[in-house]
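Below: one structure, written as structure tokens.
Each value in this text was obtained by applying a stated rule to the coordinates, not by laboratory testing. Keep in mind it's a predicted model, so treat the numbers as computed, not measured. When we count neighbours, we look across all protein chains shown, and the Cβ atoms used for this are built from the backbone with ideal geometry, even at glycine.
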Amino acid sequence: MPTIKKPEFKMPEFNADVAKAAQDVAAVAKDATYVVIGAGVLGFQQIQVQRQELLKRLADPKSGIEDRVAAVRTDLSDALHTVDTTVEGLMERFEDVIERLEAAVAPLEDRLPQQARDLAKQAHVQAKGARTQLRSRIPTAAA
């Protein structure tokens with residue numbers, strides 16, 4: 001039977017200086033403690049800064065509101081002016097159309113019998129009254 005040769009294995013020698021190892025572990029623990037404490041202090045300072053900023057914002061809740069209200073008022077005023085101008089323009093166009101219609105219908109009314117002419121004139125008077133009421137009820141920016 002062949003013989004099997006075992007490789008030789010030597011145990012490495014350990015330098016069993018326990019005091020040195022204990023000092024190294026203590027130094028690492030000490031450094032880790034300093035890092036943790038430093039991170040805690042930085043976190044606490046950051047929270048304090050955020051707290052101070054929040055207190056400043058809460059101390060003056062009106063800050064910036066006046067400017068925003070003034071801007072909204074200006075925007076509303078501009079919008080009302082635009083609407084007022086548009087409504088006035090539409091009313092003028094409406095009046096022009098009515099005047100043109102009346103001018104076109106006037107020669108035809110002269111040909112109508114007297115009773116029909118009287119009814120047409122009453123319709124004109126009522127239409128003018130309705131236009132006057134409509135114009136008085138339209139709100140304007142000046143009012």
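Structural remarks
- Positive-end extreme of charge dipole, the range 17-61 - chosen from 54, 22, 35 (charges on Cβ): 54
- Here the label points at residue 34 and residue 69, each 7 Å from Cα along the C-beta direction, are separated by 5.7 nm in the simple model.
- As an equivalent ellipsoid, the range 64-143 spans semi-axes of 44, 12, 5 angstrom, where each value is the square root of five times an eigenvalue of the C-alpha gyration tensor, largest first.
- For residue 20, no aspartates and glutamates have a Cα falling under 14 Å of its own Cα, not counting residues fewer than eight places away in the same chain.
- P(r) tail, the range 17-61: Cα-Cα pairs separated by more than 16 Å, 60% of all pairs.
- Qualifying trypsin sites (Lys or Arg not before Pro) in the range 1-102, DSSP loop, other Cβ atoms within 10 Å at most 13: 5, 10, 62
- Charging the Cβ of each Asp and Glu at -1 and of each Lys and Arg at +1, and nothing else, the dipole of the range 24-121 about its Cα centre rounds to 680 debye.
- Electrostatic dipole magnitude of the range 17-61 [Cβ: Lys, Arg +1; Asp, Glu -1; Cα centre; debye, to 20]: 200 debye
- Gyration tensor over alpha-carbon atoms, the chain, equivalent ellipsoid semi-axes in Å: 103, 29, 9
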